[in-house]
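S.K.: My structure is below; once you've seen it, I'll send some questions.
Taken together, the values in this text are just the output of simple stated rules run on the coordinates, not laboratory data. Treat the numbers as computed from the prediction; the structure is a model and nothing was measured. Here the Cβ positions follow ideal geometry from the backbone for every residue, glycine too, while neighbour counts run over all protein chains shown.
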Amino acid sequence: MSASKKLLILPGDGIGPEVMRQVRRVIDWLGRRRGITFEVKEGLVGGAAIDAHGVPLTDATLNEAKAADAVLLGAVGGPRWEKIEFERRPEAGLLRLRKDLELFANLRPALVLEALVDASPLKADTVRGLDLLIVRELTGGIYFGEPRGIKDLGNGIRQGINTQVYTTTEIQRVAKVAFELARKRNSRVCSVDKANVMESGLLWREEVTRLHQEEFVDVELSHMYADNCAMQLIRNPRQFDVIVTDNLFGDILSDEAAMLTGSLGMLPSASLGAIDADGRRPALYEPVHGSAPDIAGRDIANPIAGLFSLAMCLRHSFELPDEATLIEKAVSQVLKGGMRTTDIMAPGMARCSTTVMGDSITRALDKLNA
Ligand code: NAD
C-alpha cells in the first residue's frame, strides 16, 4: 500500500450525502484524535453524476476509484431518474464500479447489537449476540452465465434461459477470501451450495474442500445445502461464523440474514477484488440500504450503516482493526444510552436526527479515546 491512505467518497443520491456527512466527521475525528489521516477525494455517482455530466459514472471518477485504496459510497437512485433507459440510470454507475474494479467478493455482516435485540423479528433469545458474515460471490454464476435470454419456440411457447456457470478460479478466489476472513473471526466457514442437484454446486464443493485442505486446515469447514441454510438461519443463526456461497444463493441468504437484525439503517457491506502485484486490493464499502427518497433531505436518516461501512473499510483495507472496533463500540454505547433515529425508534427511547446521532457518536468516540 502507498504511504498515504487514499479514500474516494461518493455520496450519491437521496440520503447518501446526509449519511456520508456523518461518515466524513468520523474520518476527520480519526485525523484529529488518532493521528490517522487519509487523502480524501469526493466525486459524483448515480443521479448526481447524471445531473452534472449526463452519465451515472464518468471515466474520470472511475479512474479516481481505481487509484484509491478504498471507495466509500452512500447510495444511488431515486424517482427523478427512473424514466431514463437502463444503461444510463443511477444504478448503472454502481454496477460499472463493481464490474470495472472486479469486485468479486461481497461481504455482508449480520450483527445484532444488544441494544437493538428487540428490533429483530425473531425471538431475542435466538438472535442475542448474533455475529455472522456472508461472503457472496458477486461477478459470476447465473446472473452472468451464457447462454441467456428468452427464446420463441413457436406455437405461442417461449423459453427463458439462464446459465449457472463457475470456473475453479472463480470458486477458489472467493473461498480464499472467506477462509482468510474466518481466521480473523472465529475460524469457521460454512460453504453453501446445491451439490445434490447441480454440477456447478458439486464443483463448488470440491474446490472449496481442496483449497481448505491445501491452505486452510486450521479453519473449520462445513458444507450445507442452500435450502437447509435458509432454514438454519431462522432456526439457529448463531451456529454460523462465515458463510461462503455463490451469487444467486448469496443474494437471497444475505437479505434473509439482514432481516435477522431487523434494521436496514444499520447494515454495512463491502465488495472486494483481487490483491494486485503491489499488494493493493480494490474495495468498495457501502450501506446495504438505498437512497431512501421518502426521507431524503430531512436529517432523519440513520447514519450507522454508513459508519459501520467505514469501520469495515478501516478493518479490511487499512489494517486498522482498533479504530474499527472503536467506532463500533461508540455506536453501541450511544444506542445503549437510548438515542434512536426514527427507523430504530422504540418506546422509552429518545428520537434524534441524523446530525444529533453523529454528534453523539463523535462524543462517545472522544470518551472512549480519553
Ligand atoms: P431503500 O433502502 O432506499 O429504502 C427502503 C425503506 O427503508 C424506506 O422506507 C427508507 O426510508 C428506509 N431506509 C433506508 N435506509 C434508511 C436509513 N439509513 N435510515 C432510515 N430509514 C432508511 O430502498 P428502496 O426504497 O427500495 O429504493 C430507493 C432507491 O434506492 C431506488 O432508486 C433504488 O433503486 C435505490 N437503491 C440503491 C441501492 C444502492 O445504492 N446500493 C440499494 C437499494 C436501493
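S.K.: Mind listing which GluC sites (Glu not before Pro) in the stretch 101-174 are in a DSSP loop and have 15 or fewer other Cβ atoms within 10 Å?
M.R.: Values: sites: GLU102, GLU114, GLU137, GLU170; in loops: GLU102.
Answer by residue number: GLU102.
S.K.: If you put +1 on each Lys and Arg Cβ and -1 on each Asp and Glu Cβ, how big is the dipole of the stretch 291-360 around its Cα centre, in Debye rounded to 20? Could you put the intermediate results ahead of the total?
M.R.: On the way: 6 positive and 8 negative charges, 52 e Å.
It works out to roughly 260 debye.
S.K.: At what distance in nm do the modelled label points of VAL217 and ALA124 sit from each other, each positioned 7 Å from its Cα along Cα→Cβ?
M.R.: Rounded to a tenth, the inter-label distance reads 4.5 nm.
S.K.: Please say if the chain is rounded, prolate or oblate, where rounded means a/c under 1.5 for a ≥ b ≥ c the square roots of the C-alpha gyration tensor eigenvalues, and otherwise the choice is prolate for a/b larger than b/c and oblate otherwise?
M.R.: Numbers: a/c = 1.44, a/b = 1.23, b/c = 1.17.
It is rounded, given that a/c, with a ≥ b ≥ c, falls under 1.5.
S.K.: Shifting gears a bit: For the pairs LYS66/LYS367; LYS5/LYS176; LYS184/LYS367, flag any whose C-alpha to C-alpha distance is greater than 32 Å. List each step's numbers first, then the result.
M.R.: On the way: LYS66/LYS367 36 Å; LYS5/LYS176 25 Å; LYS184/LYS367 27 Å.
Cα-Cα > 32 Å for LYS66/LYS367; rest within.
S.K.: Helix hunt in the chain: which complete DSSP H runs extend at least 27 Å axially by C-alpha with mean Kyte-Doolittle at least -1.0? Provide the component values of the computation, followed by the final result.
M.R.: On the way: long enough: none.
Helices meeting the span and hydropathy rule in the chain: none at all.
S.K.: When the chain is treated as a GNM, springs tying every alpha-carbon pair under 10 Å, which of GLY14, GLY149, GLY54 comes out with the largest mean-square fluctuation?
M.R.: Comparing GLY14, GLY149, GLY54 in a Gaussian network model of the chain, the most mobile one is GLY149.
S.K.: Can you pull out the GluC sites (Glu not before Pro) in the stretch 288-329 whose DSSP state is coil and whose Cβ has at most 11 other Cβ atoms within 10 Å? Before the final figure, lay out the partial values.
M.R.: Numbers: sites: GLU319, GLU323, GLU328; in loops: GLU319.
When the GluC sites (Glu not before Pro) of the stretch 288-329 are filtered for loop state and at most 11 Cβ neighbours within 10 Å, GLU319 remain.
S.K.: Can I ask one more? Using a Gaussian network model of the chain whose springs link C-alpha atoms within less than 10 Å, name the residue from GLN172, GLN159, GLN232 with the highest mean-square fluctuation.
M.R.: The residue that fluctuates most here is GLN159.
S.K.: Follow-up. Full extension from ILE157 to LYS329: what is 0.36 nm times the residue separation minus their Cα-Cα distance, to one decimal in nm?
M.R.: Numbers: separation 172, 0.36 × 172 = 61.92 nm, distance 5.78 nm.
Contour length minus Cα-Cα distance gives 56.1 nm.
S.K.: Now for a separate question. Please check the chain for the longest run free of trypsin sites (Lys or Arg not before Pro) that are loop-located per DSSP (anything but H, G, I, E, B) and have at most 10 other Cβ atoms within 10 Å. Show your work: numbers first, answer last.
M.R.: Working: sites that count: LYS83, LYS123.
The segment 124-370 is the longest one with no such site.
S.K.: Then there is this: Which of SER360, LEU264, ALA305 sits closest to the plus end of the dipole of the chain, meaning its Cα is farthest towards the positive end, when Lys and Arg get +1 and Asp and Glu get -1 on the C-beta?
M.R.: Positive-end residue among those listed: SER360.
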